[in-house]
Amino acid sequence: MFDEIQFDRIRRLPKYVFAEVNDLKMAERRAGADVIDFSMGNPDGDTPAHIRDKMIESVMKTKTQGYSQSKGIYKLRLAICDWYKRRYDVDLDPETEAVATMGSKEGYAHLAYAITNPGDVAVVPDPTYPIHSYAFILAGGSVQKMPLIFDEDYNVDEDAFFEHLETAFKDAFPKPKYVVVNFPHNPSTATVTPAFYERIVAMAKRERFYVISDIAYGDITFDGYQTPSIMSVEGAKDVAVESFTLSKSYNMAGWRVGFFVGNKKLIGALQKIKSWLDYGMFTPIQVAATVALNGDQSCVDEIVRKYDVRQDVLIDAFTRAGWPIRRNRASMFVWAKIPDCAAHLGSLEFAKRLLVEAQVAVAPGIGFGEYGEGYVRIALIENDKRIRQAAKNIKQFLKQFEENADA
C-alpha cells in the first residue's frame, strides 16, 4: 500500500538460492515422493541421553523459569573456557572473553551488527557459509570476496590464501577491518594447518585488522586430523575471536547453543548488543549445554564415527553410480564436483533436476558464492541404507547425460 516506504536493508539481500531447492523439495513431498534429503546440515541422531536428562531435571525447577543472562549464565561461560583449556590449552576469562549465543549464526549476525560501521569492509573467502558475508552486509558494511583454493584432498593452499588476502587488502577501499576464516570449511570441508593461524595473526597485527574464526565443525574430523584453533597462537586474543556450536558435535542443532571467545573488545561489543536485544537462552538449555561441554565426550566420538562411516559408504556408492568423489578429513559434509556428463547444467539446475528426477536433494554450490559453482554440498544426514538408495537413483538419473554424450 505504501510503496514509498522501502526496506533498504532487506533489499540488499538477494533471493536465497537454497529456497528454490527447498520449495521444490516440499512440493515433491506433498506429491508423495520419498525425497532422500542431503541438502541441509541438520543432524539426524538423538541428543545424547545425559544432556536431555539434565535439561528435563533443570526445567522442573522453578528458579530456571525466568529471564536468563543475555551473555550466558556464568557456569556455561566457565564450561566454555574450561573446554578451550582442555582442548587447546588456552586460558580465557569467562567474564570478558566468552559469550554464549543462540547458535553461532545468531552470534555472527549480532557481532557484525555490533562492530560494523557503515561502509566498513570485511574480507570473506568464497565459497562461504552465507551468514559469513551477509551478516556484514545486513549491518551496513561491504564484503571483499577472495577465492579459497584447495587441492583434491581438500587441503587449503595456504600460500595462495595469503597471496589472495594480500591482494584483497590492496584492492579494497576502504581498508578492511575484518577477515573471516572458517575451517573445517563450510561448504568445501577444506582444512588448514596450525601454521595458517600463526601467519594470519602476524598479518592481522601488521595490517591492523580483526580475525573472526569459525570452527563449528572442529570436532568432526577423521584419519587423525585435529582441528587447530587460532586461540592457540600467542597474541591471538589481541586480534581475534572464534566461534563454536554444540549443534553438530552433540546433535543439538535445534537447541541453538553456540559461543564466541577471544578478544575482549569484540566480545564486549557482542555482550553489550545482546544485552539490548535478548534475555539469553532458556536457562535449562544452558544448564544442559554446560553438562555437554563438561561431561563424558564419548558421545562426540560416537557421532564422529557415524559420519566417518557414512562418508565411506557415500563415496563408495556414488562412485559406483558414476559420480566419483574424494574423501575429506573433516565436517559432516561432502563437497562434490558435479559429474562431468552433467557439468553443463550448473549447480542450481543440476540440484533441481536431481531432486525432481531422482528424488535426491543436495545444496547447489552457487548458493555459497560464485566460486562454489560446479559443485554441490552433500550433508551426511541420511543412514547407510538411504545413501545406497540415493546412489541407485543417481545412477539411473545420470544415464540420460551419458547417453547424450555418446550420441
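Computed extension gain for Ala160 through Ala343, at 0.36 nm per residue and net of the alpha carbon distance, reaches 63.3 nm.
Using the Karplus relation 6.51 cos²θ - 1.76 cosθ + 1.60 with θ = phi - 60°, the per-residue 3J(HN,Hα) values for segment 101-107 come to 10, 7, x, 6, 5, 4, x Hz, with x marking Gly and Pro. Couplings for segment 125-132, taken from phi via the Karplus curve 6.51 cos²θ - 1.76 cosθ + 1.60 with θ = phi - 60°, read x, 10, x, 7, 4, x, 5, 4 Hz in order; Gly and Pro are left as x.
What is the magnitude of the charge dipole of segment 274-364 about its Cα centre, with +1 placed on the Cβ of each Lys and Arg, -1 on the Cβ of each Asp and Glu, and no other charges, expressed in debye to the nearest 20? Can you show the working numbers first?
On the way: 11 positive and 10 negative charges, 49 e Å.
That gives a dipole near 240 debye.
Taking all Cα-Cα distances within segment 72-147, those exceeding 22 Å account for 40%. Note on the chain: antiparallel DSSP beta bridges, both residues inside, total approximately 45 percent of the bridges counted.
In a DSSP loop and with at most 14 other Cβ atoms within 10 Å, the trypsin sites (Lys or Arg not before Pro) in segment 166-238 are Arg208.
Here is how the number arises for the chain: DSSP H runs of 4 or more residues each give -39500 (n - 2.57), the sum is divided by the residue count, and the result at 222 nm is -14500 deg cm²/dmol.
Using a 1.4 angstrom probe on heavy atoms only, work out the carbon and sulfur share of the accessible area of the chain in %. After summing per-atom areas, the C and S share lands at 51 percent. When Phe318, Phe173 are compared by accessible area of protein heavy atoms, the largest-first order is Phe173, Phe318, using a 1.4 Å probe. Remark: the Arg29-Glu370 segment gains 119.8 nm on full extension, using 0.36 nm per residue and subtracting the alpha carbon distance.
Taking only C-alpha pairs under 8 Å that are 6+ residues apart, what is the relative contact order of segment 84-191 in percent?
Details: 140 pairs, mean separation 28.0, N = 108.
This gives 26 percent for segment 84-191.
Assuming charge only on the beta carbon of Lys and Arg (+1) and of Asp and Glu (-1), the dipole of the chain about its Cα centre is about 1140 debye to the nearest 20. Between 0 and 90 degrees, the angle of helix 17-30 with respect to the longest Cα principal axis of the chain falls at about 60 degrees.
Between Ser68, Pro94, Ala342, the Cα set farthest toward the positive side of the dipole of the chain (charges on each charged residue's Cβ, about the Cα centre) is that of Ser68.
Taking Rh as the Kirkwood radius computed over C-alpha pairs, what is the Stokes-Einstein D of the chain at 25 °C in a medium of viscosity 0.890 mPa s, expressed in µm² per second?
Working: Rh = 22.2 Å.
In µm²/s, the coefficient is 110.
Against the chain, whose longest principal axis comes from its Cα atoms, helix 384-406 is set at around 50 degrees. Computed packing ranks the peptides 100-111, 3-14 as 100-111, 3-14, most packed first, by mean other Cβ atoms within 10 Å.
Stretched out straight at 0.36 nm per residue, the stretch from Thr167 to Asp153 would grow longer than its current Cα-Cα span by 2.5 nm. Using a cut-off of under 11 Å, list every residue of segment 136-150 whose amide N is near the label point 7 Å from the Cα of Arg12 along the Cα-to-beta-carbon line. Residues passing the 11 Å test: 136-143.
Summing Cβ point charges (Lys, Arg +1; Asp, Glu -1) relative to the Cα centre of segment 1-49 gives a dipole of roughly 160 debye.
Residues whose amide H lies under 5 Å from that of Phe150, counting only those 5 or more places away or on a different chain, are Asp157; hydrogens are built 1.01 Å from N in the peptide plane.
Think of segment 225-334 as a dipole: +1 on every Lys or Arg Cβ, -1 on every Asp or Glu Cβ, centred on the Cα centre; then among Gln226, Asn294, Phe260, Phe260 lies furthest on the positive end.
Solvent exposure of segment 188-287 amounts to 35 Å² per residue of accessible area, where only protein heavy atoms count and the probe is 1.4 Å. Of the residues Val356, Ile325, Leu148, the one whose Cα sits farthest toward the positive end of the charge dipole of the chain, with +1 on the Cβ of Lys and Arg and -1 on the Cβ of Asp and Glu, is Val356.
The values are calculated or read from the model by the stated rules, or taken from the named source; none is laboratory data. Predicted model only: the values in this text are computed from it and were never measured. All Cβ positions, even for glycine, are placed from backbone atoms using ideal geometry, and neighbour counts span all protein chains on display. Ligands, DNA and RNA are stripped out before the accessible areas are found, and what is left, the full protein with its side chains, is counted by its heavy atoms. Shrake-Rupley method; radii C 1.70, N 1.55, O 1.52, S 1.80 Å.
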